[in-house]
Amino acid sequence: MDQTAYFNQMREKRKKEILSAARKMLLKDGPASFTMQNLAKKLDISTVTLYKYFKNMDDVMSTLKDEIIPHTVAQTLDANDSLALSQTKGSALEQFLLLFHSFLNEIFKHKDDLTLLLLIETYTQDTPVSKRQSDTITLYSEALDKQAELLLTEAQQNGELRQGIDLPLSLSFVHRLVLSTLQHIGLLSAREFRNQKDELQEYIDEIINMLRTYLSDSSKA
């Protein structure tokens, strides 16, 4: 390995160490005390050294976000697809409900990543908080929209949905419901999440049952 390649390898290794420490700091203390000085102290390096790797805290947060999004969203959707493929029986409506049920359950495994994304977006300076949070968690939900639309269209064609239902409006309602659930989970502290995990599971089950009631033709129940 030549000297330049070795230097680049060591630099990338150091950047990963910095990002790992930044991740832990954000989750433990939140963005309020998240400064270059505190991060340098955590790493036991000088602030001058830290600035050699990142321009400022926005740069640290942006890099964290760019690492989390493709990794976590892909993992969540892959796991969700695998589970959905293993459950091919049942009506189109039941497959639609399973899609969201397994997706929300899978989110539990990536709660810290979801929290980090919301924390990072909340303290980004350029756009309003509500829009930033919505844009971030939409990345999760939008990835399901196409599959959800296909299943719900099939359910309507099979006569599984109540008469006169507005398909685009129903999909929009489900989308907003999923977004609000993701935001609620992501903004819980680690302690709250641990203490409320069983309640959250029940809440997800209730959401799925509510969707079933909202969408289905009750006369065929």
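The values are calculated or read from the model by the stated rules, or taken from the named source; none is laboratory data. All values reported here derive from a predicted model rather than from experimental measurement. Every residue, glycine as well, gets a Cβ built from its backbone with ideal geometry; the counts of neighbours run over all protein chains shown. Protein only, heavy atoms only, side chains kept; ligands, DNA and RNA dropped before computing areas. Shrake-Rupley method; radii C 1.70, N 1.55, O 1.52, S 1.80 Å.
Through the Karplus equation 6.51 cos²θ - 1.76 cosθ + 1.60, θ set to phi - 60°, convert the phi angles of the stretch 144-161 into ³J(HN,Hα) values in whole Hz; use x for Gly and Pro.
Going residue by residue, I get 8, 4, 5, 5, 5, 5, 4, 5, 6, 5, 5, 4, 5, 5, 7, x, 7, 9 Hz, with x marking Gly and Pro.
Using protein chains only and a probe of 1.4 angstrom, how many square angstrom of Lys65 are accessible, to the nearest 10?
Lys65 has an accessible surface of roughly 50 Å² with all protein chains in place.
In the neighborhood of Asn209, defined by Cβ-to-Cβ distances under 15 Å, what is the net charge if each Lys or Arg adds +1 and each Asp or Glu adds -1?
The answer is -3.
Longer than 22 Å from Cα to Cα, which of Lys24/Lys111; Lys13/Lys111; Lys28/Lys111; Lys16/Lys52; Lys28/Lys52 are they? Say none if no pair is.
Distance filter (> 22 Å) returns Lys13/Lys111; Lys28/Lys52.
Can you check what the net charge comes to around His101, using other residues whose Cβ is under 13 Å from the Cβ of His101 (Lys, Arg +1; Asp, Glu -1)?
-4
Amide H of Arg162: which non-local residues (sequence gap of 5 or more, or other chain) have their own amide H closer than 5 Å, using H built in the peptide plane?
Ser216, Asp217
Computed from the mean reciprocal separation of all distinct C-alpha pairs, what Kirkwood hydrodynamic radius does the stretch 1-58 have, in Å?
Value: 12.1 Å, from the Cα pair sum.
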